[in-house]
Amino acid sequence: RPEKAEGAAGADTMREDIPRLCLWSTGLTMAVLYIAGATKPLVITSALLANLYLGAAYWTSAKALWFDIARKRAWVLTLAIATILAPAGVGSAVYMAMTGDLWRPEAYFASTPVGDAAVAAFLAFLVADCVVGSEQYREQFGLLEGWVHHVGYLVVCAAALKSPFSSGMAPCMVIEVTTVILAVGHIWPAYRADLLFGVAFFLIRIVYCVFVMVVVMGAPNLPPIVPLFGTTAILMHAHWFRKWCIGQWRRGCTAQEASGDSGDSEVTPLQDVTVECGPDRPKPGRATRQGPGRGPMMLEETPEARALLAVHKVAINGT
């Protein structure tokens, strides 16, 4: 089904609004950090740079032809921030694994430069996506995956910068690897990789997150927000993975039905030509060709069609 695109005038208006939205998101990001008490120079600088990067990415994407499609436009900021957080998360996880900190609960409750920068950048994205999404792709910005998800993570990021436990958030940014795969597939369908996404999602967002949660639960004096947030995140990941499995199963059934309908018997081009009659059929005297996955294609009654039918009759009857 063709995706609906806005009119040229609407798309131009959205492009003109990008600088205003960027200023709004930057101001709100600074306000959230100030309220949270996360005013360290590194945190402020990282948030400002993230806003600048997100604004530049969105502005650049506005020149693409697919920008007029809301479903694609809604993934621009997500892909932009994921390309930063995914490498940061992988690097943090590998470093903690090499030093043994990945298995030590106390290592997740500290403040590190990489953790502070990554969490501040993610917080800036959450604010920017809420601001831009509420105006430019409102129909794609759902209640659960949009507002509830973003506001919940805003609270967690603010707590991680203040408590602190940004060192525990950094290795969890590995989950953004799956976000890159998903976002690329939404914006450029030719690069969609459903199987790769499903396998990566299961290994990272379920197996790896459960492992991290088990390790963290062993920490003494555990802040209540940590198990609450971790359990909620894993349950949400399991919900999304279930939806993905159902979608893949339905696509597989549809593909099997389509191949079954077209592959029940082998037919030659001559055997595929018929004359159909009836209230829902073509008018008598017209030949139709039914191909796999296609509707009947009408052939007007012409000398060529009559000759083809004659050849078909000879091939069947042998006379």
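The values are calculated or read from the model by the stated rules, or taken from the named source; none is laboratory data. Worth saying up front: this structure is predicted, and the values here are computed from it rather than measured. Using ideal geometry, Cβ is built from the backbone for each residue, glycine included, and neighbour counts are taken over all protein chains shown. What goes into the accessible areas is simple: the full protein's heavy atoms, side chains included, and nothing from ligands, DNA or RNA. Shrake-Rupley method; radii C 1.70, N 1.55, O 1.52, S 1.80 Å.
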Notebook entry, point to check: Using beta carbons and a limit of 9 Å, which pairs, at least six apart or on different chains, have the first residue in segment 171-194 and in contact (Cβ under 8 Å) with a residue 40 or more places away in the chain and outside any helix (DSSP H, G or I) and the second one of a type in the set (Ser, Thr, Tyr) and open to solvent by less than 20 Å² (accessible area, probe 1.4 Å)?
Noted result: none
Checklist line | Given (1) in contact (Cβ under 8 Å) with a residue 12 or more places away in the chain; (2) open to solvent by 20 Å² or more (accessible area, probe 1.4 Å), number of the condition Ala120 does not satisfy | finding: (2)
Notebook entry, point to check: Taking segment 81-111 as the search range and keeping residues that are of a type in the set (S, T, N, Q) and farther than 19 Å from Leu154 by Cα, which one is nearest to the chain's Cα centre (by Cα)?
Noted result: Thr83
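Being open to solvent by 30 Å² or more (accessible area, probe 1.4 Å) and either at pLDDT 90 or above or more than 18 Å from Ala47 (Cα to Cα) (or both) is the filter here; which residues of segment 164-183 pass it? Please lay out each step first, then the result.
Pass one, segment 164-183, residues open to solvent by 30 Å² or more (accessible area, probe 1.4 Å): 164, 172, 177, 180-182.
Listed by number, the residues that qualify are Cys172, Val177, Val180, Ile181, Leu182.
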Check: Is there a residue in segment 213-227 that is closer than 27 Å to Val32 by Cα, within 24 Å of the chain's Cα centre (by Cα), assigned to a helix (DSSP H, G or I) and in contact (Cβ under 8 Å) with a residue 60 or more places away in the chain?
Finding: no
Next item on the list: Quick one: count up the residues across segment 74-116 that are among the β-branched types (Val, Ile, Thr), within 16 Å of Ala57 (Cβ to Cβ) and touching a residue at least 40 places away in the same chain (Cβ under 8 Å).
Entry: 4
Next item on the list: Evaluate the following for Gly152: is it assigned to a helix (DSSP H, G or I) and open to solvent by less than 10 Å² (accessible area, probe 1.4 Å)?
Entry: no
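Have a look at Ile204, Ile225 and point out the one that is within 28 Å of Tyr108 (Cα to Cα), open to solvent by 20 Å² or more (accessible area, probe 1.4 Å) and at pLDDT 95 or above.
Details: Ile225 fails: at pLDDT 95 or above.
From the options Ile204, Ile225, the qualifying one is Ile204.
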Next item on the list: Those residues that are surrounded by fewer than 21 Cβ atoms within 10 Å (Cβ to Cβ), assigned to a helix (DSSP H, G or I) and either without any contact (Cβ under 8 Å) to a residue 12 or more places away in the chain or out of contact with any Gly (no Cβ under 8 Å at 6 or more places or on another chain) (or both), I need them from segment 132-147; list them, please.
Entry: Ser134, Glu135, Arg138, Glu139, Leu143, Leu144, Glu145, Trp147
